[in-house]
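Single-structure report; data block below.
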Amino acid sequence: MASTRDVLDILDELAQLTTLKEESPQSFKVRAYENAKQAIQADGRDITQLSTTELTKIKGIGKSTAGKIREFMDTGQVEKLEALRAEFPPPVVELSRIPGVGPKTLSLMRKELGIADLEDLKQAIADEKLRDLRGLGKKAEEKIATAIERLGLSGKDRRRPIGDALPLAQKLVAELLSHGVVERAEYCGSLRRMSETIGDVDITVASADGPAVMAIVRNQSAVHEVILSGDTKTSFLTREGMQVDVRVVAAEQFGAATLYFTGSKAHNIAMRQRALDRGLLLNEYGLLRKPEEDDEEASELEVVAALDEVSIYAALDMAFVPPVMRENTGEVEASIANELPDLVQLTHIRGDLHYHTDRSGDGRSSVEDMIAEAAGRGYEYLAITDHGEDLAMNGSSAEEMLEHREHIIEAAKAHPKMTVLWGCELNIGAKGGLDYDADFRAQFDYTVASVHSHYDQSVREQTERLVAAISDPTVNSIGHLTGRYIGRRPGIEIDVDVVLEALFQFDKALEVNGALQRLDAASDVVRKAVDRGVKLVINTDSHHTSELGRMEYGVKTAQRGWAPRELVVNTWPKKKFLNWIGHS
Ligand code: DGT
Ligand code: CA
Ligand code: CA
Ligand code: ZN
């Protein structure tokens, strides 16, 4: 059964492939799919329950797109999409994601050089052939070569961005749990640890009927090719070539299995050593005790703990280690000493401080809806930070911002318990300059300053530019530190220690951006920031009412960086927070 989510995925893919086909993201056909997607999100109803007539009545959905949605719900396929998929197989689509490879370049590469995948492209670069394509040249060729290098796209052990793997795993787990034969199901591995890139997806299922679960797995729409399928393990590839391993265990071993398959391998090895030191065995079946040598009756291992992870840590006299910390970077010792940090939790968050409305060119929900959504989550405060004027197309002039303030104040009246701040996302210029003039900037209740341009300067220039912004008295926080899109666009390269020192000295907060494609600052930077005592702020950077759930990923990234609650300014009580930003 198709869900609204499936329909949105299909529209996404149609827009993406049509961009390649039409050689332009501005094509009206692409826009039709994108508008339909936004319209469905804004409509909020379960799309699968609507007739074609009802569909076309939704503003933003054209007749042709409505027909495709209907076709998908009736047949599970869209003919047009199948044709596009055949013309643009996954290795080609992947090429289009390399910075510098636009749809036009991609088309030329294919037609004139016969490039069909990454290996071909690398060969063409090595042969210096790419530079001869119309509109390219030596510099463009070098840029593409550097992008391939920096994105880690080369090599056999290619890894996927977490933003591609997590939605897939969530969908599979939800589907598995909807079957009565499945008692428990959880994604494990690097995904559960919130690694930024994922080698493969590992899912652990508790069930008494392995073969039944395996049959369910093989029937998933995500399955493109089954690599192996036994009674307790199935491995398959998705259409994009991502591998998924699903294992079935007995319910009473579920804790031991998730502990083992969550890893990391280094954490597992340290845990096994802890067990051995106490005369115990630890494996994916449980924490086990060998029978006494002189006990002739007992030949079986005695199970000390296996049902859940908590009981296994407890039996080893350890505090529970959250999955995101299991990298053997000090957490095992800290857990034994009962000195794990008092980690920030999702429930501690009292406000979102990087938040857009349709005042921004790329914002897609109204001021009223965005405020209502935040209030609905029980937030005590909220900063609306639409883009400053320097951002091409999406920014707002000073005059527009002043009108926006009135609009925000008016809309906030419907939610008197929540304090709504009039903020701005300032753009950090090439040399650290910011939008508007300093007097105007000073009027904002709160600001987040971010890099949205000039990704290719030297480390020194990037560091200086950030320090200039951090030292500006009208800046409260730094948004998505490097501007990276994981696996798609490398962020700016900076001297992290220098930037953290400046944040500490000027008492500014470092954002942990929860958008899955960003997760920026990254967890390793967060950990350094925590060591230096730099304040943090965890935000969603929402551009639509459907995006507030990203807070969870921001929190997990912060936890992975060992962030304690007290350093995260948006866990603070309202008074303390407003006091810190100098707002009365
Ligand atoms: P990935 O898939 O490369 O992003 O990283 P993981 O951590 O998901 O690694 P994966 O899929 O190879 O294995 C899943 C978990 O299984 C891993 O985190 C720990 C456990 N594991 C795998 N191989 C070993 C091993 O040789 N020894 C131990 N102790 N555990 C292992
Ligand atoms: Ca894995
Ligand atoms: Ca695996
Ligand atoms: Zn933003």
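Which GluC sites (Glu not before Pro) does region 109-140 hold that lie in a coil by DSSP with at most 10 other beta carbons within 10 Å? Present the calculation step by step, with values, prior to reporting the outcome.
Details: sites: Glu112, Glu119, Glu128; in loops: Glu128.
Here the sparse-neighbourhood loop sites are Glu128.
Which of the peptides 323-335, 263-275 is most tightly packed, and how do the rest follow, going by the mean number of other Cβ atoms within 10 Å of each residue? If you can, show how the numbers build up before the last one.
Details: 323-335: 19.5, 263-275: 17.2.
Order by mean packing, descending: 323-335, 263-275.
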A chain fully extended from Ala372 to Arg31 at 0.36 nm per residue, minus the present Cα-Cα distance, gains in nm 120.0 nm
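Take the residue pairs Lys57/Lys80; Lys21/Lys68; Lys80/Lys171 and return only those whose Cα atoms are more than 20 Å apart. Kindly include the intermediate steps, with their values, before the conclusion.
Values: Lys57/Lys80 23 Å; Lys21/Lys68 17 Å; Lys80/Lys171 25 Å.
The answer is Lys57/Lys80; Lys80/Lys171.
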Expressed in nanometres to one decimal, the distance between label points 7 Å along Cα→Cβ at Glu284 and Val181 is 2.0
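Heavy atoms only, probe 1.4 angstrom, no DNA, RNA or ligands counted: give me Leu391, Leu55 ranked by accessible area, highest first. Each step should come with its number before you reach the end.
Values: Leu391 30, Leu55 0 Å².
Ranked from most to least accessible, the order is Leu391, Leu55.
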Across Lys508/Lys574; Lys265/Lys528; Lys59/Lys556; Lys431/Lys576, pairs whose alpha-carbon gap is larger than 29 Å: Lys59/Lys556; Lys431/Lys576
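On a full-extension model of 0.36 nm per residue, what is the gain between Arg70 and Ile227, subtracting their alpha-carbon distance, rounded to one decimal in nm? The partial results should precede the final answer.
Values: separation 157, 0.36 × 157 = 56.52 nm, distance 3.23 nm.
This chain segment gains 53.3 nm when fully extended.
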Please give me, ordered by residue number, the chymotrypsin sites (Phe, Trp or Tyr not before Pro) of region 298-402 that lie in loop per DSSP and have at most 15 other Cβ atoms within 10 Å. Phe320
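Nearest 20 debye, what's the magnitude of the dipole of the chain about its Cα centre given +1 on Lys and Arg Cβ and -1 on Asp and Glu Cβ? Mind dumping the intermediate values first?
Numbers: 71 positive and 95 negative charges, 284 e Å.
Computed charge dipole of the chain: roughly 1360 debye.
At a Förster distance of 45 Å, what's the computed FRET efficiency of Arg218 paired with Ser584, Cβ-Cβ distance as r, to 0.05? Walk me through the numbers before you get to the answer.
Working: r = 62 Å, r/R0 = 1.38.
E between Arg218 and Ser584, to the nearest 0.05, is 0.15.
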In percent, what relative contact order does region 160-249 have, based on Cα pairs under 8 Å that are 6 or more apart in sequence? 26
What is the distance, in nm, between label points placed 7 Å from the Cα along the Cα-to-Cβ direction at Ala140 and at Ala438? 4.3
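How much accessible area per residue does region 393-523 have, in Å², with a 1.4 Å probe? Walk me through the numbers before you get to the answer.
Values: 5280 Å² over 131 residues.
So region 393-523 comes to 40 Å² accessible per residue, rounded to a whole number.
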Cross-link candidates for Lys138: which lysines have Cα within less than 21 Å, leaving aside residues fewer than 8 places away along the same chain? Lys104, Lys111, Lys122, Lys129
Normalised by the residues of the chain, what does the relative contact order come to in percent, with Cα pairs under 8 Å and at least six apart? 9
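How much of the accessible area of the chain, in percent, comes from carbon and sulfur atoms when a 1.4 Å probe is used?
Working: 12820 of 26570 Å².
C and S fraction of accessible area: 48 percent.
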Inter-label distance for Arg565 and Ile58, nm, one decimal - labels placed 7 Å from Cα along Cα-to-Cβ: 4.0
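The values are calculated or read from the model by the stated rules, or taken from the named source; none is laboratory data. Worth saying up front: this structure is predicted, and the values here are computed from it rather than measured. In this analysis, Cβ positions are derived from the backbone assuming ideal geometry, glycine residues included, and neighbour counts consider all displayed protein chains. SASA here: full protein model, heavy atoms, side chains in, ligands and nucleic acids out. Shrake-Rupley method; radii C 1.70, N 1.55, O 1.52, S 1.80 Å.
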